[in-house]
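Let me begin by presenting the structure, written as structure tokens, before commenting on it.
The values are calculated or read from the model by the stated rules, or taken from the named source; none is laboratory data. Keep in mind that this is a model prediction, so the values were computed, not measured. FYI the Cβ positions are ideal-geometry reconstructions off the backbone, even for glycines, and counts take in every protein chain you see. Accessible surface areas use protein heavy atoms only, side chains included; no ligands, DNA or RNA. Shrake-Rupley method; radii C 1.70, N 1.55, O 1.52, S 1.80 Å.
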Amino acid sequence: MSSRSTPPNRRRTCWRHARLATFAAGSPWGWIDDGALVTEGAHLAWVGAEADLPSNLQVDDEVDLHRALATPGLIDAHTHLVYGGDRAGEFEQRLQGATYEEIARAGGGIRSTVAATRAASDEALFQGAARRARILMAEGVTTLEVKSGYGLAQAHEARCLAAARRLARELPLDVRTTSLAAHALPPEFAGRPDDYIDAAITWLAGQQARGLVDAVDAFCDTIGFTPAQTERIFNEAQRLGLPVKLHAEQLSDQDGAALAARFGALSCDHLEHLSARGVAAMKAAGTVAVLLPGAYYFLRETKLPPVPALREAGVPIAIATDHNPGSSPALSLVLMLNMACTLFRLTPEEAWRGVTVHAARALGLPDRGVLAAGQRADFAVWDAEHPREIAYRFGHNPCRRVVHAGVERTM
Ligand code: DI6
Ligand code: FE
């Protein structure tokens, strides 16, 4: 062991005797049966088999994991975590026969959450999002994407993005923020969607100058915005050097994925109505398909995203909660693993890659999602022998320990 005076950013800890699912390319699960991880500050300095640990390795601490499973920290690449109120009443309405689209067209749906969000204080927005983030974190989530889209006015959109940024300052968690002003038409712009898009375009540069935004998204659908309106938002994102993502082909095929691919989108999300043309465009652009089984389930959709075509084309597939109050009030990425397998017929390994390595790619973060030297020291330790068990059970939380940026969280 080396000296106790090692500065925190150089402190080395060796985590020994783990079953490792590294998700490194080249072997199923990136599996190492008796593995070790060496963290140095916020990064992984060494990952491999116990038998290969360098004999001259100097570390400050050692932790024996007694053959527990360790995986990369989970990455939830699509959430709408910041909002006011809830939509439990709308859930009841839907059970009495109203559809999601009917409620939206009658001014409920997203717009009712917009009213509750505007009425909430900054502190209430933050505390609500923090409460939800802690639930996700307790299941091993170490990186989370958060979209705006319930403010729909310049100041309110900025408040929501600022609340998301505050999550990363106050919780042991990394947060990527996405501006989704083009989520729904706010009441002030009723009947004038193009004027609203003009306004939303002018907000982006200010959000970027304040360090509030990492990417730009839009809801391109019959109850959202047209491809032409989406393209105008994307042009401004491109001018500012911000990557784009798209809620594409959720309720209908708008050819949104091909549009997003033309802008080199990081991801297209939902995709139940994705065409063969959209699959090919995503493949050519290297765009990740983020599938959202929680929304599919909660809206009782019947049209499946084209998983066989995505798989065949080699489009990377990510899985996320899409946590939001209207179409996916889910707060369990572990449950999404099971639902991705059961509803979308992903293999357990595909589902797991979807919340680790492919989720990282959907956020443009090459430094995480895999356990390998040089990557961020974000990992979770589970009460399981193999990750397939975690995808198989549902309604449980087998996460026992979480290390974020080299520091173990108290759970
Ligand atoms: N698609 C969705 O499923 C969510 N947003 C979107 O564009 C739903 C948001 C909501 O109903 O509040
Ligand atoms: Fe969404």
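Odds and ends about this structure:
- The set of residues from region 287-321 being farther than 24 Å from ALA276 by Cβ and charged (D, E, K, R) comprises just one member, ARG300.
- Picking from residues in region 333-355 that are touching a Leu at 6+ places or on another chain (Cβ under 6 Å) and closer than 16 Å to GLY395 by Cβ, the one that is surrounded by the most Cβ atoms within 10 Å (Cβ to Cβ) is ALA340.
- Selection from region 251-275 of residues that are away from ligand 1 (no atom under 16 Å from the Cβ) and open to solvent by less than 20 Å² (accessible area, probe 1.4 Å): ALA258, ALA261
- All of ARG311, ARG400, ARG361, ARG388 fail the test of being out of contact with any His (no Cβ under 7 Å at 6 or more places or on another chain), open to solvent by 10 Å² or more (accessible area, probe 1.4 Å), part of a strand (DSSP E or B) and at pLDDT 95 or above, apart from ARG400.
- Of the numbered criteria (1) outside any strand (DSSP E or B); (2) out of contact with any Cys (no Cβ under 8 Å at 6 or more places or on another chain); (3) open to solvent by 20 Å² or more (accessible area, probe 1.4 Å), the one ARG19 fails is (1).
- Selection of region 199-219 for residues being assigned to a loop (DSSP other than H, G, I, E, B) and either within 16 Å of ligand 1 (Cβ to nearest atom) or of a type in the set (Val, Ile, Thr) (or both) yields only VAL213.
- Qualifying positions in region 224-250 - assigned to a strand (DSSP E or B) and touching a Pro at 6+ places or on another chain (Cβ under 8 Å): PHE225
- Qualifying residue in region 349-357 (condition: assigned by TED's automatic domain parsing to the domain that holds PRO308 and under 15 Å from MET137 (Cβ atoms)): yes
- Lone qualifier among LEU212, LEU180 - being more than 16 Å from ligand 2 (Cβ to nearest atom), open to solvent by less than 60 Å² (accessible area, probe 1.4 Å), within 22 Å of THR113 (Cα to Cα) and assigned by TED's automatic domain parsing to the domain that holds ALA116: LEU212
- Matching entry among ALA248, ALA218 (being under 17 Å from ARG176 (Cα atoms), open to solvent by less than 10 Å² (accessible area, probe 1.4 Å) and not acidic (Asp, Glu)): ALA218
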